[in-house]
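Below you'll find the structure, written out as structure tokens, and then a few comments.
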């Protein structure tokens with residue numbers, strides 16, 4: 001056999017050895033491509049009617065708009081919207097454990113508390129429920145974003161300030177991310193009436209892109 005045949009034979013063995021080596025690395029999970037190096041994230045939203053598309057066309061609420069945006073990310077992220085119209089912090093607290101177990105989210109967005117105030121529930125109870133939810137989510141390995149709310153002036157200045165302040169207190173104590181006012185640019189603008197449904201409680205479709213714009217800068221860093 002001439003030198004060229006010997007060389008070709010050696011090259012063939014080297015190629016087969018290389019292929020076998022790559023296959024072994026792939027089987028061991030050690031040869032992931034750069035595009036697949038980052039795992040897809042899951043965002044769990046636990047909220048009330050503000051996130052449950054109450055009175056809106058399906059797909060027009062801020063959570064659906066978020067899902068559309070995250071679907072374009074690389075890798076894409078999944079949004080699980082577990083919001084229930086009329087829900088309170090107590091309801092969210094009772095529902096959270098099975099949601100965490102089922103979906104194993106990377107980020108939990110908590111948008112609750114407004115219905116507590118509408119029902120005149122004790123602020124201490126609302127705070128305790130939010131705190132418990134934040135701790136449960138963190139214990140499950142998720143990052144937490146609290147969406148704060150503010151009340152109209154007719155609730156009284158003292159009550160309104162204490163209500164808004166409990167979100168900041170929970171976020172500080174539990175070291176979670178915080179959006180101080182979820183409806184900024186919606187409920188606090190001169191043309192607010194144009195951004196709400198006829199009940200003057202629930203934002204209409206025109207308002208939800210603004211609500212997403214409020215959430216996005218706080219949520220995006222949690223997904224990295």
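Readers should treat all values here as calculations from the given coordinates under stated rules, not as data from a laboratory. Quick caveat: nothing in here was measured; it's all calculated off a predicted structure. So basically every Cβ, Gly included, is an ideal-geometry build from the backbone, and we count neighbours across all protein chains shown.
Between residue 168 and residue 74, the contour length at 0.36 nm per residue exceeds the Cα-Cα span by 30.6 nm.
Rounded, prolate or oblate: which one fits the stretch 38-223, using the alpha carbon gyration tensor with axes a ≥ b ≥ c (rounded when a/c is under 1.5, else prolate when a/b beats b/c, else oblate)?
oblate
How much of the pair distance distribution for the stretch 112-159 lies past 17 Å, counting alpha-carbon pairs only, in percent? That tail contains 40 percent of the Cα-Cα pairs. For residue 218 and residue 139, the FRET efficiency from 1/(1 + (r/R0)^6), where r spans their Cβ atoms and R0 equals 25 Å, is about 0.70.
The modelled label-to-label distance for the pair residue 201/residue 157, using points 7 Å beyond Cα in the direction of Cβ, is 2.7 nm.
For the pair residue 189 and residue 123, what calculated FRET efficiency results from E = 1/(1 + (r/R0)^6), where r is the Cβ-Cβ distance and R0 = 30 Å, to the nearest 0.05? FRET efficiency, residue 123 to residue 189: 0.70. Distance between the modelled labels on residue 94 and residue 181, one decimal in nanometres: 3.3 nm (7 Å Cα→Cβ projection).
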